[in-house]
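Read the structure below first, then the notes.
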Amino acid sequence: MSHHAVRRLILVGLMLALSALITVINPVFLSSGNLLKLLQEAAQTGIVAVGFTFVMITAGIDMSIGGVVAVTSMVCINFLHYTKVPIPVLVFLSLFVGALTGLVNGFFITKYKLPEFIVTLATRSILAGLALVIAVKDSLGFVQNVYIQNDSYLWFGTSGLFGIYRTTVAFLILGVGAQIFLKHTRTGTNIYATGANPTAARLTGIDTDRTTIGVYMFSGICASLAAVFISSRMMTAMPELGLGSEMDVIASVVIGGTAFSGGVGDVWGTMLGSLFLALIKNGILKTGISPWIQPIAIGGIIVVTVIVDVWQKKLREHLEARAKLKRLSAERGRDAA
Amino acid sequence: MTKVENGADLLLECRSITKSYSGHVVLDAVDFSVRRGEVHALVGENGAGKSTLIKIVTGATGRDSGEMVYDGTVVPMEHLRRDAEALGIAVIYQELSLIPGMTVAQNIFLGKEPLRPLTRLIDVRKMNDQARELIDRYNFPLKPTDLIDNISIAQRQLVEILKALSGKASIMIMDEPTSSLTKTEVEMLFKIIALLKSEGISVLYISHRMEEVYALSDRVTVLRDGKLVKVLDKEEISPEEIIRLMIGHKLEEKAVQHELTPKGGKVVLEVRGLTSVGKFEDLSFDLHEGEVLGIGGLVGSGRTELVRALYGADSFDAGTIRYLGKEWVPSVRKSIEGGIGFIPEERRLQGILATQSITRNIGIPNLDLIAPRGIVSVKEEDRRAARGIELLNVKPPRPEQLVGNLSGGNQQKVVLAKWLVRDLKLIFIDEPTVGIDIGAKEEIYDHIRALSARGVSVLLVSSDLPELTRLSDRVIVLRQGRFFQEFRECVLTGEKILRAASGIREGDDE
Amino acid sequence: MKKTAIVAALLCVLLVVPAVAQTYKVAYIPQSIGQPNTNAWLEGMMRVFRKYPNVKVQSFDAQLKAELQVSYMDDVINQKYDAIVLQAMDAAALSASVKAAEAKGIPVITVNLATIQKHTASVQMADISAGYAVGKEMGKQLGGKGNVVIIQSPPGAILGVNREKGFRQAMAELYPNIKIVGAQSAEGWKKEIAITIMNGFLQANKELAGVFAVNDNMAEGAMIAAEAAGRLDQIKIWGANGQKSTLALIEQGKIAGTAYNNSFAQGSLIAEMVMENLQKKLGPSKAAETKVIQIPPFAATKETVGQIAAEDRW
Amino acid sequence: MNKKPIATELRLAVVLVPLMAVLSVLSPRFLTLDNLTNVVWSVCLIGILSSGAIYPRITGGIDLSLGSTAALSGIVVDLFMNRMGIPWIPSILMTVVIGALVGLFNGFIVAKIKIPAFVVTMAAKTYLYGIALVVSQGAMLAILEPRPFILISTGRFLGLPNPIYIMVALAVTSQFVLRRTAFGRQVMAVGSNEVAARLSGVDPDRVRLISYTISGGTSAVGGVILASLTQQVFAAAASGIELDVMTALVIGGTSAVGGRGSVLGALIGAIMVAFIINGLNLMNIPAPFHPIVTGSVIILALLLNEGYLVPKRRTLSRA
């Protein structure tokens, strides 16, 4: 069983254990209402995290996602406020925002070889400002919060069959699709190759620049998609929406087992990671402990989780080493004979 | 080479290829040709233009002028990797171009994975089956589902070859393929080359190891300073000749055999029953003042592990070490302060700080001297750096030069310089000249000799047999982590060591 | 409501809280915990709730994020709290949640900012008129002339925006000769940024008569800057909220005044409304409009600040 | 390497000088001593934090917890001075020690347990915020006493605000440590190639441990300065500043892979950004446009740095 399989099991195990604990403290946790909400929360971070996973597999990082969420939702608000554009068109347009951002990021990262972290941080800053600039204003020029009443837009944020939120459904579809894409298409393979050994990838004739630009565009698109669902769920959006949510996204991806060094990780892990994060954040509220203690608990749980993972890895390596040793001595025995 | 031998049977023909980077000419009207189904060696010092020529052939870079005809078709000026592959030009690179985290099959078919009909989805089973077929055809010791990370370097090279064969390769270009292989692995590679040849696939072979070129090639093209020196046919090929053509002057020594003369003097290092479980067992030997003790054996025989343990880089499980007569439990810091140096096996990964200047690289192990009270004396640091550069004539001799941008030879010189600028008593040297051109090699040899002349004891690990025989005063051969045989006061030849390393003991030498 | 109560009771048993006959859970969701006014509201509420051992108040730290408040609202609804006290980050963003809560029979009382959707009640410090009052008083102090600057809240923060609106309105209506020569917004209501902005204003305007910072914290920042520049005596600095530290500074004459709002009283008032609602089992109000209770601002200046009793300072 | 970072600083100057020229043309008040002073004053916090945060960054790590550490430190120093009645100087010293210990703990998890610094410090950021809430009892505490403590940040010496001296002192010290001490050399070496560094007698774990400790210490100093400047402390103070610090570092030519970096570069970077914002304010350009301009200028600065930032970081990061 691969190291990743094990870490998955551990993560799932931890989640079950925590769920059990929380349920004992407060059975409401297990109520369908709560679980559905929990999944929706996980999905809102997760949709962004899926795109982010692609970026991180190419050994990159995309700090601009928060900005994309902000601008995208502002774009939506504007169209809903001033126009009667059909919703499908609107959604398409909003995804275009993310794609464009990704294109710009990718362009500077590949063409000019600028460090991802700072390029995307810069675009984040630009987008943050842009969101404020394009925000709907009142006569005095003050930002005005628009209350969305367009039902076909609100459709996204609400729940459907069995009370499952459409955000969750979208997350699952996106996740499964992305996983298949990563693992079972040439492009997917190229993404791993680009992250694991770019030189080799280039030698094999893979266009690593195109791949890189591609993943940043995908990351942007995912962020835009999330923006649609979040703004729809809140029936409005603020210019600062999503800014500062980067850390949660990154945490989901990292807890899911995708490494900053690139080349490893997958969407399953990220989906688990975002679920895990949503679970502790939602669960902690059920315990009724003081809001002062909550961040301590959350931070602690994250650290412990990662430590456990490192330890199980060490243990496995140790065991493998011993097995190898056995084989070695066995071979020597044969030589002697 | 049973095939017809006339110009008509040329697979690749390059006429007066010229290439210059920013005004500096690296290839000057070079003619070059490879026949169908021949093994052709391309030799020359680093900077002679070999790699540029290869890059042009494989479409990794463009040429300024000159014609190129491949398999009867004229190759246009803009000739890209893709086009080269389409033509059937396959390359096996020096630094392996495989993707960690992927399986053997995935690597073989990277970029050309078989797809499920009517979909863009990869047909994994089919891919593995095809990989399996290839593997069986050449009966390589591989499994399609093995992770690259878990197989040996030699196996990875086989994957490289399969990767090339999986396309319709009509020529296979091998750049320093054996630099990281053990004797047996090299032999396997040679078998494979023979096999390819028998299938009518031409092999263009680049190597610094003369004995290989000698053993393999049907023809040898020698380049020097971007110009074609000579094309040797099978019967003309001899290492001395090649080397003469390459570096213009004849080597004073025969590279094949060497007279061992033991050094007495006081014992510097005394090793007794040293054991590290799974690496080496019960090793005992003395190292005398100014002595060069060669450690022979195949990769994986525990040589590298031994010197690492002696240096303090790794721990060991049993045995005692005495250094300068005192009980000694090594640690890197203690070793350095005690006047012990270490030149690690893998220059790029273990030797150099690629993003740092020559000065900083030389400075790092000497911080105790250039920063006695924690504050770096820049004057002292620069002085030592200058001395190191001058001593080993590092090129370019610019102290602020980033070591990552130096040639392999000069990088290794910097690694050596780190230690030569401090007064050493003992130095461990592991594979000092892997992938380094003849010129630099000779210079490094001179320095090792100079060290021993200065009374510094040297423990030399090498897979390069001439190197071992020429430099050592005494040679110990390890096999599977155990002491196998010691050669002293005798005429030592490469194959004696090889035979010992491969487990054939011959008592009559003592 | 009975159902809620029973469930609540069951929960208590499970929570192993000393099982009182009927326990009420009240959720307090301010913009962020750890702000003077949000703490004051809590304290004000507790002054009432302490009399009722069967009421448990749980605070939620939204860290100035509307998204977080929304998900807290969902959670509180799922946990079937008995009442919610909400200081909304955004009038629109929280409306859906408020609606949902009241639909589930949980009365919602908003603080300082009523959401668009109608709900049980909203207890507000009248921010527009607070701004207006500041303008009026400052104008008096300046004798109706001079240059004035505004240190704004982050764009989109309704509370600050409304105060600014009120202030500009007052100046426009009452003091044609007072010029508003600059306005800059401090990201995240941050005091250190207010200081930097004020430094800029001091540079830009050799004659600066007045500063309106839309909350006390930023006013204190402006004061620090002016003091460091040695021009504090020439500048009338006003804030809004009336937190303890600012009142002290007003007494020292370092800050000209603030629109004081008794957040303790505000909190207690809210708590009493909650208790009444719970005890009479009223549930969400059936009225067509949100019951809005405006607390008229009190312009605290060096002269009037004395009227604010020690126990009313937060 | 001796030359490289200086080269970066020069390149930054190449951006800075024309920028200042443009700004001074657009707004006559820009080039007044007072104004420049204010701008530099406004970046003191970032400058102070950068001078320590640069160490983890160069070793290939990152410290995202410095904002929370600063907030906590402010609360702690207030606790010592105003609730325990300890004199202000020992209070500050103790606070810095505590900050260093926080860093040490991060460093321990990163160096010894080998967990990605990003996750470790991100989690630390979260729980330190919680601890700060607990220590401060969730309150925003005003510091009116003692006077000398307030004067640390609000006072002036020879016409310049004190924090500027503190920032410059820390930055110069840090730059000196980085360039002229054995430890600095080791930090660079570890960042460049850990294995080679180890074989040359460097102990990477120890280097990392110390790096994070320093970062924690400077964060504490920053927290104290902020507390003294704003005369108040609370758990959410300095929140989000870590991004500003990282930005300053990277503009200043500190690369996460390859063991390079310059504190002075970081300072110039931070000041550059501050100048832009200041200029925009002087021109009364509304706030929403500030981040747009800043972001664009950052990219511009990077492009000018390109020659320096290009080196095959990807291949190196594998080495």
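The numbers here are math on the coordinates, done by the rules we state, and not lab data. Since we're looking at a predicted model, the values are computed, not measured. As a convention, Cβ positions derive from the backbone with ideal geometry for all residues, glycine included, and neighbour counts pool all protein chains shown.
Taking a straight Cα-Cα cut-off under 15 Å and skipping sequence neighbours fewer than 8 places away in the same chain, the aspartates and glutamates within cross-link reach of residue A:37 are C:67, C:74, C:75. Cα-based radius of gyration for region D:37-104, normalised by 2.2 N^0.38 Å, reads 1.26. Each residue of region B:381-472 gets 91 Å³ once the volume of the Cα convex hull is shared out per residue. Plainly put, the protein assembly as shown has a radius of gyration that is 1.02 times its Kirkwood radius, both from alpha-carbon atoms, as the Rg/Rh ratio. Restricting attention to region C:20-79, which trypsin sites (Lys or Arg not before Pro) occupy a DSSP loop and are surrounded by at most 14 other Cβ atoms within 10 Å? Those satisfying the criteria are C:50, C:51. Show which aspartates and glutamates lie in cross-link reach of residue A:137 when reach means a straight Cα distance below 18 angstrom and same-chain residues fewer than eight apart are skipped. Straight-line reach from residue A:137, under 18 Å: A:240, C:90, C:164.
Calculate, for residue B:73 and residue A:96, the FRET efficiency according to 1/(1 + (r/R0)^6) with r their C-beta to C-beta distance and R0 45 Å; round to the nearest 0.05. With R0 = 45 Å, the Cβ-Cβ based efficiency is 0.50. In terms of distances greater than 18 angstrom between alpha carbons, the cross-link table entries A:326/B:279; B:263/B:441; A:286/C:25; C:56/D:125; B:230/B:395 yield B:263/B:441; C:56/D:125; B:230/B:395. Protection proxy ranking for A:38-51, C:287-300, using the average of other Cβ atoms within 10 Å per residue and placing the highest first: A:38-51, C:287-300. The charge dipole of the protein assembly as shown, taken about its Cα centre with unit charges on the Cβ atoms of Lys, Arg (+1), Asp and Glu (-1) only, comes to about 2960 debye. Applying 1/(1 + (r/R0)^6) with R0 = 45 Å to the Cβ-Cβ distance of residue B:18 and residue A:113 gives a FRET efficiency near 0.95. In chain B the Cα-Cα distances spread across 20 Å bins starting at 0 as 21, 51, 26, 2 percent of all pairs. The label-point distance for residue B:125 and residue B:272, in a model that sets each label 7 Å from Cα toward Cβ, rounds to 6.5 nm. Note on region C:124-178: the C-alpha convex hull projects to 3.6 nm² when averaged across all orientations. Test of understanding: express the Cα radius of gyration of region B:271-377 as a ratio to 2.2 N^0.38 Å, with N the residue count. Against the empirical 2.2 N^0.38 Å value, I get 1.21 for region B:271-377. Taking 0.36 nm per residue of separation and subtracting the current Cα-Cα distance, fully stretching the chain between residue A:207 and residue A:151 would add 15.8 nm. If you wrap region B:7-247 in the convex hull of its Cα atoms and look at it from every side, the mean projected area works out to 13.8 nm². Along its principal axes, region C:90-245 has C-alpha extents of 58, 32, 26 angstrom, given from the largest down.
Relative intensity of region A:42-94 on a log10 scale, I(q)/I(0) at q = 0.24 Å⁻¹, equals -0.94, per a Debye sum over C-alpha point scatterers of equal strength in the absence of solvent.
When the alpha carbon gyration tensor of region C:25-165 is reduced to an equivalent ellipsoid, its three semi-axes come out at 32, 17, 13 angstrom, largest first.
Here residue C:65 is the anchor, and the lysines within straight C-alpha reach of less than 17 Å, apart from those fewer than 8 places off in the same chain, are A:281, C:190.
Residues B:376, C:211 in ascending order of nearby Cβ atoms (within 10 Å, fewest first): B:376, C:211. Working value for region B:334-492: equivalent-ellipsoid semi-axes of 28, 18, 14 Å, each the square root of 5 times a Cα gyration tensor eigenvalue, largest first. Its Cα gyration tensor gives chain D an equivalent ellipsoid, and the semi-axes of that ellipsoid, as √(5λ) in whole Å with the largest first, are 29, 28, 16. In deg cm²/dmol, rounded to 500, what helix-only [θ] at 222 nm does the protein assembly as shown give when every DSSP H run of at least 4 residues adds -39500 (n - 2.57) and the total is split over its residues? Mean residue ellipticity, 222 nm, calculated: -17000 deg cm²/dmol.
In terms of surrounding Cβ atoms within a 10 Å radius of their Cβ, B:334, C:191 rank from fewest to most as B:334, C:191.
For C:72, B:311, the sequence from fewest to most other C-beta atoms within 10 Å is C:72, B:311.
Taking one quarter of the surface of the C-alpha convex hull of chain C gives a mean projected area of 16.0 nm². The antiparallel fraction among DSSP beta bridges confined to the protein assembly as shown stands at about 45%. Using only alpha carbons, region D:68-204 has a radius of gyration to Kirkwood radius ratio (Rg to Rh) of 1.05.
Dividing the mean sequence gap of close Cα pairs (under 8 Å, 6+ apart) by how many residues region B:367-510 holds gives a relative contact order of 14 percent. Taking only the Cα atoms of region D:106-161, the ratio Rg/Rh comes out at 1.23, with Rh defined as the Kirkwood radius.
Each listed q (0.08 Å⁻¹) maps to a log10 I(q)/I(0) for region A:36-288 from the Debye sum over equal C-alpha point scatterers, namely -0.30. Working from Cα pairs under 8 Å separated by at least six residues, relative contact order for region D:3-306 is 36 percent. Relative contact order (percent) for chain C, with alpha-carbon contacts under 8 angstrom and 6 or more residues of separation? Once divided by the residue count of chain C, the mean separation gives 19 percent.
The Cα trace of region A:154-264 gives Rg and Dmax of 16.7, 51 Å, the first to one decimal, the second as a whole number.
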